[in-house]
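K.L.:
This is the structure I have questions about; it appears just below.
The values are calculated or read from the model by the stated rules, or taken from the named source; none is laboratory data. Small disclaimer: the values here were computed from a predicted structure and weren't measured. Here Cβ is always computed from backbone atoms with ideal geometry, including for glycine, and neighbour counts include all displayed protein chains.
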Amino acid sequence: MEIHVELLFGFSNLDLLCRSSPCQARTWQRLWRRCLSKSTISNPLQASSNGFEHKDKKVDIEDLFRLCFSAHIVKRVHALLVVSGTAQSIYVSTRLINLYAYHGELAFAHKTFGNIPSKDAYTWNSMIAAYVRTGSCSEALNCFNELISSATVLPDNYTFPPILKACQSLLDGQKIHCRVLKVGFLWDIFVAASLIHMYSRFGLVADAQIIFTYMPFRDSASWNAMISGLCLNGYVEKALEVVNEMRLEGIHLDPVTIASILPVCAFVGDFFSGIMIHVYAIKHGLEHEVFVSNALINMYAKFGYLQQAQEVFDKMLAKDRVSWNSIISAYEQNENGISAIRFFRGMQCLELKPDILTLVSLAASVAQLGDCQNGRLLHGFIVRRAYLMGNVIMGNAVLDMYAKLGILDYAQKVFHEMPKKDIISWNTLISGFTQNGLASEASEAFSELESCMEVTPNQGTWVSVLPAYSHLGALQQGMKIHGRVIKMSLHLDTYVGTCLIDLYGKCGRLDIALSLFYEVPSMSSVTWNAIISCHGIHGHVETCLNLFKEMLQEGVVPDHVTFLALLSACSHTGLVDKGQWCFHLMQDKFGIKPNLRHYGCMVDMLGRAGLLEKAYNFIKDMKVQPDSSVWGALLAACRTHGNVELAKYASDQLFSIDSENVGYYVLMSNIYANVGKWEGVNEMRSSALGRGLKKTPGWSSVEVCNKIDVFYTGNKSHPKYDQIYSELNSLTDKVKRLGYVPDYSFVLQDVEEDEKEHILSSHNERLAIAYALISTPSKSVIRIFKNLRVCGDCHNWTKFVSEISEREIIVRDSNRFHHFKDGACSCGDYW
């Protein structure tokens, strides 16, 4: 029988190989000649037009298999072997099974396996391994069960390592463990290591340790299995102990050990051990192993040593995709998005295709840079490759990117289009709403999550939704979450506990916030910052300073957030000297460089105190370019103290920096209105309207009977509208008899006197207070939450109301808390 070589390769394939490059063509020619010179196949082959001809020469199967560089060629070789009559050989068929599996043709592997009349253990093992390699775990287990049922072939020590990887449940693993005991392979070194891996994977570290302890002999793979199992289950300190024990027994750390233990050093913050392992790798010539270098890059990145991570990357003799992902992730984790994108460009120049991990880091980098255009381009790239369709991690990354860019409509669209959502998807959406000031939407998303049976809220959920309740002043809903957190034993978690402290502090319950503070472990600055900030917005600056001293005595190092809270507290109470002391202490003692928010607090503090010229000079002397928060603080101070000229200069700076913020137009309009410059008012309003900007409507909310009612100025849609306005008129008459005189300077409209009084009387905080008075028991505390700063006339009116109603009225506006009681306010009329 004559078989042409085109049956094996086809004319075009071999022609292409020979023409691609002279070097490659010569290589294939030599390999083909070797195939023709050695013998296991007796059928004569003849090549027609490719320049390779032979007559009655035999072909070596091993060399033939080495020609199988694609599934297409494997099928042709298979056809050749079938025709030659050698495909029935167990060895040849098993090799074909392995080749098909290697090239992803599992169906052909299975069919080849089924055509073998008499199978040995090697054949069964190859088929099981093929299933495992391609992720077909159920098929692998079925194949193993067929092997056991056949009763003609017994599993050997090579059968169990792959099938243990395929176990999808602990029960599957335990059954196979019993089979291992039955056939006597428990102390085979590979089988035992696989059992350690299996039990570690299902969280039974104690069982894994028992097997490890009683192993008669342990090689480095066994030690690595135990170390990785401990790391996988969070027993990082125990993992380090096992490493030390391994070295004491004289077993050298291999690349797998080093790559397993370096993440542990980063996790526990043991930089010294990480350095020592790096030195060990250099000493034993392991630093150029690709996955050792990758682990070193990740370890240095976790500690923030980007220069060292870069040096490891630059010295690598060979870099794979993981190496590039590691260095991109290193810069992204350390908030250097520009460098992360630069390395991504370098990766592209080498024609290395990005994978999901690359794109996750890239999405985070784009979000850090606030680059909306590249964010959309990246989203398009991901969609074209259908990564969003089946990968929830990628979907979460794009969702998080849009949330951090503030493009919430895109974020919602991505969320709703995701075919599968996990709890991280929900948490990302909720936190995205919260971080962008959309607390109501965050609350609604959480309610939607509650009705979803597929996912269960976790720590991240509470950390995402509690700040939304803090913003809304939804104390009752927050307390319900607190109860659920206690049931889940998460109330002492640092992050959840800090959010609860923030909730109670911002809902006016400082007593509960302080009680929680002393319950939650406070070894980091996070909880201290929360309690200091809470006291600051209530105007308790002395308590803030005392807590700061206590914090230092406890050995907790303050950070930039700590000083931001202190400066804000000093600003609200007019303690300029204390504020300046904090500002200098931050730099001189703790080496913290002030950022724009610190500068903004300083300008606000000086401006509130009437030191407008000093505030302006402070801005001029800043070492960084002032942003809108700095000029905005100066503009607000100009309004308080009526400095129109300086306000005009500050507003010009603001309009050049952030011309799309309607708040600055409103503030400048109010400054003109205060001094009766109505042409300036009209100019500001026209400018805002010309840009399509709309003023944020002011509102006040109050919680009554576990329901939050929101009131807008002049609101007449409430079911108790008549009762509210009746109570409001009655209150106004009573406070006038006590000496209240309306201050029409807070009516920023050019209208008649009686109309001005009507406008003042229908301000949203007054409507909320009137509703609370008629809806709650006498003597109970009223808590009102505003989205804007309380006006001076309403502040004065509320003081009188607190006296005649004998109620404590707590109002939280956009700046701070006001505790009205017995005709006085806790702010001392300084806000």
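K.L.:
For the range 813-827, check the following and say yes or no: at least one residue is hydroxyl-bearing (Ser, Thr, Tyr) and either in contact with a Leu (Cβ under 6 Å, 6 or more places away or on another chain) or modelled with pLDDT of 95 or more (or both).
P.N.:
So far as the range 813-827 goes, yes, one or more of its residues are hydroxyl-bearing (Ser, Thr, Tyr) and either in contact with a Leu (Cβ under 6 Å, 6 or more places away or on another chain) or modelled with pLDDT of 95 or more (or both).
K.L.:
Based on what the data block shows, is residue 781 over 25 Å from residue 663 (Cβ atoms) and not assigned by TED's automatic domain parsing to the domain that holds residue 681?
P.N.:
Yes; evaluated as a whole, the condition is true for this residue.
K.L.:
Pick out the one residue from 287, 249, 311 that is surrounded by fewer than 22 Cβ atoms within 10 Å (Cβ to Cβ), under 19 Å from residue 220 (Cβ atoms) and out of contact with any Leu (no Cβ under 9 Å at 6 or more places or on another chain).
P.N.:
The conditions single out 249.
K.L.:
Look at the range 572-597 and say how many of its residues are in contact with a helix residue (DSSP H, G or I) (Cβ under 7 Å, 6 or more places away or on another chain), part of a helix (DSSP H, G or I) and surrounded by fewer than 19 Cβ atoms within 10 Å (Cβ to Cβ).
P.N.:
Result for the range 572-597: 3.
K.L.:
Given the structure, is residue 778 out of contact with any Lys or Arg (no Cβ under 8 Å at 6 or more places or on another chain) and in contact (Cβ under 8 Å) with a residue 24 or more places away in the chain?
P.N.:
no
K.L.:
Go through the range 174-206 and give me each residue that's touching a His at 6+ places or on another chain (Cβ under 9 Å) and within 29 Å of residue 295 (Cβ to Cβ).
P.N.:
Once the filter is applied, which keeps residues that are touching a His at 6+ places or on another chain (Cβ under 9 Å) and within 29 Å of residue 295 (Cβ to Cβ), the range 174-206 yields 195, 198, 199.
Yes/no per residue for (1) within 26 Å of the chain's Cα centre (by Cα); (2) not aliphatic (A, V, I, L, M):
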| site | (1), (2) |
| --- | --- |
| 468 | yes, no |
| 471 | yes, yes |
| 475 | no, no |
| 504 | yes, yes |
| 507 | no, yes |
| 511 | no, yes |
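K.L.:
Among the residues of the range 759-798, what is the count of those that are among the acidic types (Asp, Glu) and under 41 Å from the mean Cα position of the chain (by Cα)?
P.N.:
Looking only at that region, the number is 1.
K.L.:
While we're here: Among the listed residues 299, 347, 316, which satisfies the condition of being in contact with a Cys (Cβ under 7 Å, 6 or more places away or on another chain) and among the hydrophobic types (A, V, I, L, M, F, W, C)?
P.N.:
Going through 299, 347, 316 in turn, the sole match is 299.
K.L.:
Please indicate, with yes or no, whether at least one residue in the range 790-800 is free of Cβ contacts under 8 Å to residues at least 24 places away in the same chain, closer than 30 Å to residue 673 by Cα and of a type in the set (S, T, N, Q).
P.N.:
no
K.L.:
Would it be correct to say that residue 799 is of a type outside the set (A, V, I, L, M), crowded, with 16+ Cβ neighbours inside 10 Å and within 30 Å of residue 681 (Cα to Cα)?
P.N.:
No; evaluated as a whole, the condition is false for this residue.
K.L.:
Scan the range 476-519 residue by residue and report those that are in contact (Cβ under 8 Å) with a residue 40 or more places away in the chain, buried (at least 22 other Cβ atoms within 10 Å of the Cβ) and either of a type outside the set (A, V, I, L, M, F, W, C) or part of a helix (DSSP H, G or I) (or both).
P.N.:
506, 508
K.L.:
Next question. Do any residues in the range 106-132 that are within 15 Å of residue 145 (Cα to Cα) and assigned by TED's automatic domain parsing to the domain that holds residue 71 have Cβ atoms under 7 Å from those of residues that are surrounded by fewer than 24 Cβ atoms within 10 Å (Cβ to Cβ) and not hydrophobic (A, V, I, L, M, F, W, C), where the two are at least six apart or on different chains, and which pairs are they?
P.N.:
The qualifying pairs do not exist here.
K.L.:
Being of a type in the set (S, T, N, Q) and under 18 Å from residue 831 (Cβ atoms) narrows it down to one of 489, 515, 568, 525, so name that one.
P.N.:
568
K.L.:
Can you find a residue that is within 25 Å of the chain's Cα centre (by Cα) and not in a helix (DSSP H, G or I) anywhere in the range 558-571?
P.N.:
yes
K.L.:
Specify which of the listed residues (596, 564, 545) is of a type outside the set (Gly, Ala, Ser) and touching an Asp or Glu at 6+ places or on another chain (Cβ under 8 Å).
P.N.:
When all the criteria are applied, what remains is 596.
K.L.:
Search the range 646-665 for residues that are more than 16 Å from residue 690 (Cβ to Cβ) and pair each with any residue that is β-branched (Val, Ile, Thr) and in a helix (DSSP H, G or I) when their beta-carbon atoms are under 7 Å apart and the residues are at least 6 apart or on different chains.
P.N.:
If the second residue must be β-branched (Val, Ile, Thr) and in a helix (DSSP H, G or I), the pairs left are 647/671.
K.L.:
Identify, please: which residue in the range 198-207 is surrounded by fewer than 22 Cβ atoms within 10 Å (Cβ to Cβ) and assigned to a helix (DSSP H, G or I) and is, among those, nearest to the chain's Cα centre (by Cα)?
P.N.:
Within the range 198-207, the match that is nearest to the chain's Cα centre (by Cα) is 201.
K.L.:
While we're here: Which number in (1) surrounded by fewer than 18 Cβ atoms within 10 Å (Cβ to Cβ); (2) in a loop (DSSP other than H, G, I, E, B); (3) free of Cβ contacts under 8 Å to residues at least 60 places away in the same chain marks the one condition that residue 807 misses?
P.N.:
Going through the list (1) surrounded by fewer than 18 Cβ atoms within 10 Å (Cβ to Cβ); (2) in a loop (DSSP other than H, G, I, E, B); (3) free of Cβ contacts under 8 Å to residues at least 60 places away in the same chain, residue 807 breaks only (1).
K.L.:
Looking only at the range 68-80, count every residue that is in contact (Cβ under 8 Å) with a residue 40 or more places away in the chain and either within 23 Å of residue 119 (Cβ to Cβ) or charged (D, E, K, R) (or both) and tell me the total.
P.N.:
Result for the range 68-80: 4.
K.L.:
Can I ask one more? Pick out, from the range 699-787, the strands (runs of 3 or more DSSP E) lying fully within it that include 1 or more residues that are of a type in the set (S, T, N, Q) and either buried (at least 17 other Cβ atoms within 10 Å of the Cβ) or at negative phi (or both).
P.N.:
699-704
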